[in-house]
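Encoded as structure tokens, the structure appears first; notes follow it.
The values are calculated or read from the model by the stated rules, or taken from the named source; none is laboratory data. The structure presented is a predicted model; accordingly, all values stated were derived computationally and were not measured. Here Cβ is always computed from backbone atoms with ideal geometry, including for glycine, and neighbour counts include all displayed protein chains. Ligands, DNA and RNA are stripped out before the accessible areas are found, and what is left, the full protein with its side chains, is counted by its heavy atoms. Shrake-Rupley method; radii C 1.70, N 1.55, O 1.52, S 1.80 Å.
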Amino acid sequence: MTKHDATFLRHFSMIIAGLMVFTVFLILFANYIYAGFTAAESADGPSERQVAQMAKVDERLTPIGGVYAGETGRAAMLAAAEAARAAAASKVAYGGTLDGSVIYGNLCGACHNAGVGGAPKMEMAAWNARIAQGMDVMVRHAIEGFQGDGGIMPARGGNPSLTDEQITVTVQYMVDTLQ
Ligand code: HEC
């Protein structure tokens, strides 16, 4: 064995020994990190740190399409807002209009135009006696409902979402348009 070979062998075994030490270090280090993530779950469940860690992992694993809430989230919110608006509107009769002709045309006229069920038609003769009672009484009868000799006037013409104010303007409209 030449002197040259001896030097080579010494260096070579030093490198091997170094790599072995490094390998052991890597094993221990990996073990240490792994323990940090999955430290044996104790009887009372995962630790706070583990829960936080799992949440982070979940977040990172969420498919990109799954968190793309741009349109879906916005669309859902818009749909909900639209539904709420529609629900609110449906509780306000005829959009809350205070135009008596609109309410009359949509509802009251169904009976009062042709005198259905004994409803007084829109002719002065049918209304003289009623008008003589005064506006207040007629409005109250229209709001609460009324049964006289003629027939049954349903409360609020049958639409409970009409407000007192809407009934009042409609009765006023009816009286004003009598001929
Ligand atoms: C289902 C048919 C019907 C509808 C709808 C209806 N009415 Fe009448 N209404 C009657 C009848 C029948 C009478 C007559 C009651 C009586 O005198 O016996 C009457 C009477 C009235 C009177 C006279 C009350 C009085 O004191 O003499 C007013 C005012 C009136 N209606 C307003 C309205 C208004 C406003 C609406 C719409 C919001 C309406 N009605 C919708 C059937 C209807």
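Structure summary
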quantity: Subset of segment 112-128 that is more than 15 Å from Asp176 (Cα to Cα) and free of Cβ contacts under 8 Å to residues at least 12 places away in the same chain - its residue that is farthest from the ligand (Cβ to nearest atom); calculated: Ala114
quantity: Condition broken by Val175, with the remaining ones in (1) within 10 Å of the ligand (Cβ to nearest atom); (2) open to solvent by 70 Å² or more (accessible area, probe 1.4 Å) satisfied; calculated: (2)
quantity: Matching residues, segment 122-143, being open to solvent by 50 Å² or more (accessible area, probe 1.4 Å) and touching a strand residue (DSSP E or B) at 6+ places or on another chain (Cβ under 9 Å); calculated: Arg140
quantity: Residue within segment 158-170 that is near the ligand (Cβ under 8 Å from one of its atoms) and open to solvent by 20 Å² or more (accessible area, probe 1.4 Å) present; calculated: yes
quantity: Yes/no for Gly151 being near the ligand (Cβ under 8 Å from one of its atoms), in contact with a helix residue (DSSP H, G or I) (Cβ under 9 Å, 6 or more places away or on another chain) and of a type in the set (Gly, Ala, Ser); calculated: yes
quantity: Yes/no for Ile131 being more than 6 Å from the ligand (Cβ to nearest atom) and touching a residue at least 40 places away in the same chain (Cβ under 8 Å); calculated: yes
